[in-house]
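The values are calculated or read from the model by the stated rules, or taken from the named source; none is laboratory data. This structure is a prediction, so every number in the text was calculated from the model and none was measured. So basically every Cβ, Gly included, is an ideal-geometry build from the backbone, and we count neighbours across all protein chains shown.
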Amino acid sequence: MRFFAVILIAALAACAVSVDTPAPSNPLAAARGTALPPPSGVAGQTAPPEGVGPAGFEFGAWRGADHASYSPALQTRVRARYQNWEQARIKADLEANGFACEDGGRLDCRIEIMERQCAHDWYVVVEAGREPVAGFDVMCLGAR
């Protein structure tokens, strides 16, 4: 019984807070991030098909695909498709295949969807004079 009394007293002492102790300051209130918001128009996008998109873009079998192999394969397909294309033509093609694009000197195109508690993000970024960078990310809440 003595043992439980000691534990109870220790627990109560640990929970006791001085009234004069100021609340810790919130570091996030003062040090906000500087990342730019995602491209506009992304909300409400629909899932792309598995296989070829409406204007010929090859999405492949993305549902259940292994991220480690799907993302590099997507980049390979993007680079092969858009080899020697001008940025304006790439933008038009990606938008015809369901991507939302922003062109501020650097073309940034995305499809962002939620499906079965998983966020899926396809992206293609094109800078003048460089090969396109493409990838796919998926993040799930809980088990798939």
Practice item. Go through (1) of a type in the set (D, E); (2) over 16 Å from the mean Cα position of the chain (by Cα); (3) surrounded by fewer than 17 Cβ atoms within 10 Å (Cβ to Cβ); (4) closer than 20 Å to Q45 by Cβ and name the single condition D93 misses. Key: (3)
Study note, to complete from the structure: Within segment 113-142, restricting to residues that are in contact (Cβ under 8 Å) with a residue 24 or more places away in the chain, within 13 Å of the chain's Cα centre (by Cα) and under 17 Å from Q45 (Cα atoms), the one that is surrounded by the fewest Cβ atoms within 10 Å (Cβ to Cβ) is D137
**Study point:** Answer residue from segment 42-72, given it is within 21 Å of E131 (Cα to Cα) and under 18 Å from the mean Cα position of the chain (by Cα) and is surrounded by the fewest Cβ atoms within 10 Å (Cβ to Cβ) among those
**Key:** A68
Exercise for review: Kindly provide the set of residues from segment 101-112 that are touching a residue at least 40 places away in the same chain (Cβ under 8 Å) and farther than 21 Å from A61 by Cα, ordered by number.
Suggested key: C101, E102, D108
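Would you pick out the residues in segment 114-134 that are within 21 Å of R89 (Cβ to Cβ) and at pLDDT 90 or above? Full working, then the answer.
Here is the first cut: in segment 114-134, the ones within 21 Å of R89 (Cβ to Cβ) are 122-134.
Passing the criteria: W122, Y123, V124, V125, V126, E127, R130, E131, P132, V133, A134.
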